[in-house]
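Written out below as structure tokens is the structure these notes cover.
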Amino acid sequence: MFDIIIRNANLPDGRSGFDIGARDGKIAAIEKRIDAQAAEEIDASGRLVSPPFCDPHFHMDATLSLGMPRMNVSGTLLEGIALWGELRPTLTKEALVERALRYCDLAVSQGLLFIRSHVDTSDPRLVTAEALIEVRERVAPYITLQLVAFPQDGYYRAKDGEASLERALDMGIDIVGGIPHFERTMDDGRRSLEALCRIAAERGLPVDIHCDETDDPMSRHIETLASETVRYGLQGRVAGSHLTSMHSMDNYYVSKLIPLMAEAEINVIPNPLINIMLQGRHDTYPKRRGMTRVRELMAAGLNVSFGQDCTMDPWYSMGSADMLEVGHMAIHVAQMGGIEDKKRIFEGLTVNSAKTMGLEGYGLDVGCHADLIILQAADVTEALRLKPTRLFVLKNGKVISRSAPRIGELFIDGRPSSIDPGRDYVPSRI
């Protein structure tokens, strides 16, 4: 007897027509035909079943604050930081919690059940940390929320920045963060990475750094981050987020840099939506788009996962908690339109991100947590093309979200009466 069986599912690795049975919150069987009963059955009808999406890079303290106190007119990273600096003194715990919970509701409906959020520690009040620690506990039954102590104004540059970050970690923040390229000097940036990696090693914590989020090819803090990772024995526990300066670096230097990153087992987190929106703002034409070298990093064996970064905040006026939107943009900006490319992009939204976040029991194998999503698409390439409806979202084998399929009705003589984009336009059927 199973708690739930999903019938006739297509799997991310390309297998089709499988049943998935869950018992006691875990996947208990994946077979062509499970000859058993269950308290609940769902007919996937040849649609894709996947582990949930993971977002390894987000700013939940700022989410849904668009227009507060005003709009970002220039659309630049620096104006966004300035706007956040104006908003920060007015933040209350209650408002932060309310916005974050609303975002989490949206995330669940999109099949996004694992989120790593950076938490600004530049304000010594640490109201952001207090709020998101509360949110982490409240959403724990359905969303795994990891928190990064993030000195938005700089570890050294912000007044009391060093002490505030340590206090946030003492409060229970999970991960050490930083922003070396926003320190006053390149040397301060280097020193901040040395200090932050030491703190992480002493406390036994992971590291996640906003690193080289700039068009400046001489912003090379990722080199220091990789070196300090090896120095402190943090291999596999460190993430370099953004890395947009690699877009502008010369190829010879990158040929040295990528092997160093591989030696340090750096987890790489591009944020395609935000990277192409904020970078290249000082260019006329040719105009750089600023996303890091995804294809080359993947080819070197680095773990590449994709983050959403922002949704409706001072830096980004769009966003929908849809990681397929992130992957869709990554395909275009990285020019990775081949079938195998798309499979790697999908892994960057799921299994690679789970590895970055150090998630245990994640995946689509017997013994994994029965955290699953059913999409209105036949396979991963179609999911990235269509950004389809998440028909069912399951946590520990229980349905926590359900959406009606997107079906278009037609009233045209001689043509079909309805259109299901997830069925009628699969390439093999055209």
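The values are calculated or read from the model by the stated rules, or taken from the named source; none is laboratory data. Please read all numbers here as calculations on a predicted model, not as lab measurements. Positions of Cβ are generated from backbone atoms using ideal geometry, with glycine treated the same way; all protein chains shown enter the neighbour counts. Heads up: the accessible areas ignore ligands, DNA and RNA and are worked out on the full protein's heavy atoms, side chains in. Shrake-Rupley method; radii C 1.70, N 1.55, O 1.52, S 1.80 Å.
Using the alpha-carbon centroid of each, what span in Å lies between region 6-77 and region 400-430? Their Cα centres are 21 Å away from one another. Each Lys or Arg adds one and each Asp or Glu takes one away; over the other residues whose Cβ falls under 15 Å from the Cβ of TYR142, this sums to +3.
Surface composition of region 377-430: carbon plus sulfur atoms contribute 51% of the solvent-accessible area (1.4 Å probe, protein chains only, all chains present).
Heavy atoms of the protein chains alone define the surface here; on that basis the chain has 41 Å² accessible area per residue at 1.4 Å probe size. For region 90-165, the carbon plus sulfur part of the accessible surface works out to 50%, probe radius 1.4 Å.
By a 1.4 Å probe calculation restricted to protein chains, ASP250 has an accessible surface near 80 Å², given to the nearest 10.
Estimated from helices alone, the mean residue ellipticity of the chain at 222 nm is -10500 deg cm²/dmol (sum of -39500 (n - 2.57) over DSSP H runs with n ≥ 4, per residue). Here the chain carries DSSP beta bridges of which approximately 40% are antiparallel, counting only pairs with both residues inside. Whole angstrom only: what separates the Cα centroid of region 247-265 from the Cα centroid of region 360-374? If we compute the Cα centre of each part, the gap is 34 Å. With all protein chains in place and a 1.4 Å probe, the accessible surface of region 311-353 carries 54 percent carbon and sulfur. Across region 132-242, the relative contact order, built from alpha-carbon pairs under 8 Å that are at least six residues apart, equals 22 percent. Averaging the sequence gap over all C-alpha pairs within less than 8 Å and six or more residues apart, then dividing by the number of residues, gives the chain a relative contact order of 18 percent.
For the residue pairs LYS287/LYS342; LYS256/LYS355; LYS93/LYS398; LYS256/LYS387, the alpha carbons lie more than 28 Å apart in LYS93/LYS398; LYS256/LYS387. With the highest mean first, a sort of the peptides 17-23, 286-292, 240-246, 264-270 on other beta-carbon atoms found within 10 angstrom per residue produces 240-246, 264-270, 17-23, 286-292. Ranked by the mean number of other Cβ atoms within 10 Å of their residues, highest first, the peptides 345-353, 197-205, 29-37, 381-389 fall in the order 345-353, 381-389, 197-205, 29-37.
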